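Data block below; observations after.
Laboratory data are not the source of any read-out in this text; all were calculated from the coordinates shown. A quick note: this is a predicted structure, and the numbers were derived from the prediction, not measured. Note that we place each Cβ from the backbone using ideal geometry, even for glycine, and neighbour counts take in every protein chain shown.
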Amino acid sequence: MILERGWFIPTLQIGPEDVFLVEDWEESPAGPYRAVFHFTPEDFRTLYVDSEGGGEVASSFHRCDRVLVTAITSLRDGSLWTLEWRGAEGEDVRVEVAYRADATLRAINRVAPHVPDAIARNRAYCRLLPHLAAPIMGTDPRQKIAGVTELGRRVRFRLDEVYRVVDAGCRWGERDLGALSECRYRHDMGDFRPVSRAMVIYLALYME
């Protein structure tokens with residue numbers, strides 16, 4: 001059963017400590033919503049979300065230590081994705097993500113939406129795809145696109161478009177968090193370990 005469809009960044013580390021998971025869902029049981037998980041090095045998780053219903057959906061998949069409902073602006077203009085929201089202490093937060101697809105990814109993105117769902121949900125396909133993508137994306141070949149979240153929800157991702165993040169930055173109040181970093185943290189996400197290098201993905205999330 002399809003649960004959500006939209007844009008997603010599974011792991012985005014900016015600077016030495018701040019890790020984000022970004023969601024901009026066009027479809028969900030709660031309607032369209034936007035959400036940003038913020039992880040500290042100690043794995044304290046704040047979920048910023050722009051609707052109560054969206055917060056209920058997002059927190060049913062992943063553990064949250066704090067949920068804050070706040071307006072989130074999400075704008076994709078060409079190859080730049082900009083997000084803005086209000087931080088826990090009332091600070092203005094602005095994240096900018098630059099992404100692109102090289103020739104190989106452009107070819108993959110033309111084919112991926114047409115893969116029959118019977119193949120896309122096949123267990124062998126779900127195991128092999130991260131291994132095939134790793135040399136192209138520089139990501140962890142052990143990354144999973146089907147499995148169980150830390151709250152016990154069994155889900156599967158169908159990837160229709162994949163882009164490499166080439167730069168990112170965040171202004172949090174008066175602070176510049178630093179440059180785009182390769183993620184070395186291992187926050188508990190169940191089967192879905194953090195991705196070492198950031199990706200922008202358009203996908204469908206299925207509940208199995």
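Just to be sure before I move on: is ALA58 outside any strand (DSSP E or B), buried (at least 21 other Cβ atoms within 10 Å of the Cβ) and in contact (Cβ under 8 Å) with a residue 12 or more places away in the chain in the structure I sent? So ALA58 fits the description; yes.
Of the residues that make up the range 136-146, is at least one touching a residue at least 60 places away in the same chain (Cβ under 8 Å) and part of a helix (DSSP H, G or I)? Checked the range 136-146: at least one residue is touching a residue at least 60 places away in the same chain (Cβ under 8 Å) and part of a helix (DSSP H, G or I). Has the range 90-98 got any residue that is in a helix (DSSP H, G or I), among the small types (Gly, Ala, Ser) and either out of contact with any helix residue (DSSP H, G or I) (no Cβ under 8 Å at 6 or more places or on another chain) or exposed (fewer than 14 other Cβ atoms within 10 Å of the Cβ) (or both)? No: zero hits. I'd like to verify a number: residues in the range 131-175 that are within 15 Å of ILE108 (Cβ to Cβ) and among the hydroxyl-bearing types (Ser, Thr, Tyr), how many? Selection size over the range 131-175: 2.
Put simply, of THR46, THR70 the only residue that is closer than 15 Å to VAL95 by Cβ, within 16 Å of the chain's Cα centre (by Cα) and surrounded by fewer than 20 Cβ atoms within 10 Å (Cβ to Cβ) is THR46.
Look through THR40, THR70 and report the one residue that is in contact (Cβ under 8 Å) with a residue 12 or more places away in the chain, β-branched (Val, Ile, Thr) and either in contact with a Lys or Arg (Cβ under 6 Å, 6 or more places away or on another chain) or at positive phi (or both). Among THR40, THR70, only THR70 is in contact (Cβ under 8 Å) with a residue 12 or more places away in the chain, β-branched (Val, Ile, Thr) and either in contact with a Lys or Arg (Cβ under 6 Å, 6 or more places away or on another chain) or at positive phi (or both). Taken over the range 150-208, the criterion of being aromatic (Phe, Trp, Tyr), assigned to a strand (DSSP E or B) and farther than 23 Å from GLY6 by Cα is satisfied by TRP172 alone.
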